Structure formats: structure tokens, C-alpha cells
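Report on one structure; see the data block that follows.
What follows is calculated from the coordinates using simple rules that are stated; it is not laboratory data. As the structure is a computational prediction, the values presented were derived from the model and not from experiment. Cβ: placed from backbone, ideal geometry, glycine included. Neighbour counts: every protein chain shown.
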Amino acid sequence: KQEVTQIPAALSVPEGENLVLNCSFTDSAIYNLQWFRQDPGKGLTSLLLIQSSQREQTSGRLNASLDKSSGRSTLYIAASQPGDSATYLCAVSQGGKLIFGQGTELSVKP
Amino acid sequence: GAVVSQHPSWVICKSGTSVKIECRSLDFQATTMFWYRQFPKQSLMLMATSNEGSKATYEQGVEKDKFLINHASLTLSTLTVTSAHPEDSSFYICSASPQGPYGYTFGSGTRLTVV
């Protein structure tokens, strides 16, 4: 059974720092991996999608990597801003379903 | 592109009544949609997979008779919480994915409060 784990569960950093969020999964037979952002009381916003054949994707200050063989993905946020404060979720697509991690709650202090 | 609209964004209902939540794909056709439930400070739990023109597939432990799912068209799936009780209060989110190697798009969620 696929299990997705995110570390850390919560993170508080000062504005301007570069930071890394980690995601690991137990079964490497995934279709793709997706990173989402969720603001309190809101739905999910897709940030980056990495296909199983890809190693990384970039969008603005965000960079996500994927290492299927080791079952790991990282989300790198450069020059963090208070507006980046949210919960970040990673999810792997497998068997036509998304399996989510528990999320990392990020707080960026001005 | 790939927008999913969910309505209502919040609803308060009395215990024992039923509530319907709609999920629409606005710019693509979705033969499959997904319904999730999220408790405070927790991740999303998949409740069921909604299949256009056929019965939904429910995850283990989800009551089919309480959470009725209808997917009558390629752009609309509905979740009806029947005979709602306070323990059904939660955040419900739907999602869908366009055909091809695309990711999933989520609705904005519905906050259900049963009083």
C-alpha cells in the first residue's frame, strides 16, 4: 500500500530564506507526483506536476525534483515571502488515484 | 484551463436534513471525478470516485447510503450528504483531471456545518 510522508510537519522561517520541503513515498510505481498549496479554508492550488519520467520542474521561485528510485521528492522555494505561508501537500498518482501526504505547514515571518 | 467549480462554498444545515454539493468541470469533460473529505489540520481523505454514467466507487469505510454520488454528465458530479449529523461536519473537496498526462485540478471546497 502506497504511503506518502512529508517532513517537516511545520516550518517557520524569516522572510527571504530559501527552504526545502520533503516528500517520500514507499512505492516507486507512480504515474506522476504533484505539489499543491492550500490556504486555510480553501481548496488546493496545483503548483508543479512532475511526470514519472521527469526529474524536475520549475515555476518561478519554485523547483520540484523527483527521484523515483529512492521514493523522494523535494520542493525548493527560493527567497521566501510572507505570501508563501500556507500548507504544502505532495501527492502521488497511482492506480488512477491521488495519495496525499500529511502536508507541511509553512509560515514565513516578515 | 482545467478549472473545477464547486458549489456551495459553505453551508449550514440542521441535523437530519440532506445537503447537495455540486462539482463542475468548466472547460473540459471529466469521465471521472473524485470526492475528498478533510478534517481540521489533516490531509485529504479520498471518499469515492465518481464515474460518469455508472455507479461511484467508494473507499473502504465510507457509507454509500449516507454519501450519495451522482455523475449524470461529463461536466457535473454531485455529492449528497443524507440525514446529516454533526459528525458529518467537515470540509469536502472535489477534483478532476483532463484527459492525458495532466495533473489533478481541485474545486474550492465546501465547508459543511451540521447543527
Residue selected from the stretch B:81-111 under the condition over 17 Å from B:E52 (Cβ atoms) and hydroxyl-bearing (S, T, Y), by the criterion nearest to the other protein chains (Cβ to nearest Cβ):
B:S108
Going by the structure shown, is A:S93 in a strand (DSSP E or B) and surrounded by 13 or more Cβ atoms within 10 Å (Cβ to Cβ)?
yes
Return the residues of the stretch B:66-107 that are in contact (Cβ under 8 Å) with a residue 40 or more places away in the chain, among the small types (G, A, S) and either assigned to a strand (DSSP E or B) or surrounded by fewer than 17 Cβ atoms within 10 Å (Cβ to Cβ) (or both); say none if nothing qualifies.
B:S77, B:S83, B:S90, B:S95, B:A96
Is it the case that some residue within the stretch A:27-48 is farther than 25 Å from B:S5 by Cβ, away from chain B (no Cβ under 14 Å) and without any contact (Cβ under 8 Å) to a residue 60 or more places away in the chain?
yes
Would you check if there is a residue in the stretch B:18-40 being of a type in the set (A, V, I, L, M, F, W, C), surrounded by fewer than 14 Cβ atoms within 10 Å (Cβ to Cβ) and touching a strand residue (DSSP E or B) at 6+ places or on another chain (Cβ under 9 Å)?
yes
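Which one of these is more than 9 Å from every other protein chain (Cβ to nearest Cβ) and in contact with a Gly (Cβ under 8 Å, 6 or more places away or on another chain): A:A64, A:A79, A:A86?
Working: A:A64 fails: in contact with a Gly (Cβ under 8 Å, 6 or more places away or on another chain); A:A86 fails: in contact with a Gly (Cβ under 8 Å, 6 or more places away or on another chain).
Matching residue, one of A:A64, A:A79, A:A86: A:A79.
Within the group A:Y88, A:Y76, which residue is aromatic (F, W, Y), assigned to a strand (DSSP E or B) and surrounded by fewer than 18 Cβ atoms within 10 Å (Cβ to Cβ)? Show your work before the answer.
On the way: A:Y88 fails: surrounded by fewer than 18 Cβ atoms within 10 Å (Cβ to Cβ).
Among A:Y88, A:Y76, only A:Y76 is aromatic (F, W, Y), assigned to a strand (DSSP E or B) and surrounded by fewer than 18 Cβ atoms within 10 Å (Cβ to Cβ).
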With crowded, with 18+ Cβ neighbours inside 10 Å, assigned to a loop (DSSP other than H, G, I, E, B) and either touching a His at 6+ places or on another chain (Cβ under 8 Å) or of a type in the set (A, V, I, L, M, F, W, C) (or both) as the only criterion, which of A:I30, A:I99, A:I50 stands out?
A:I30
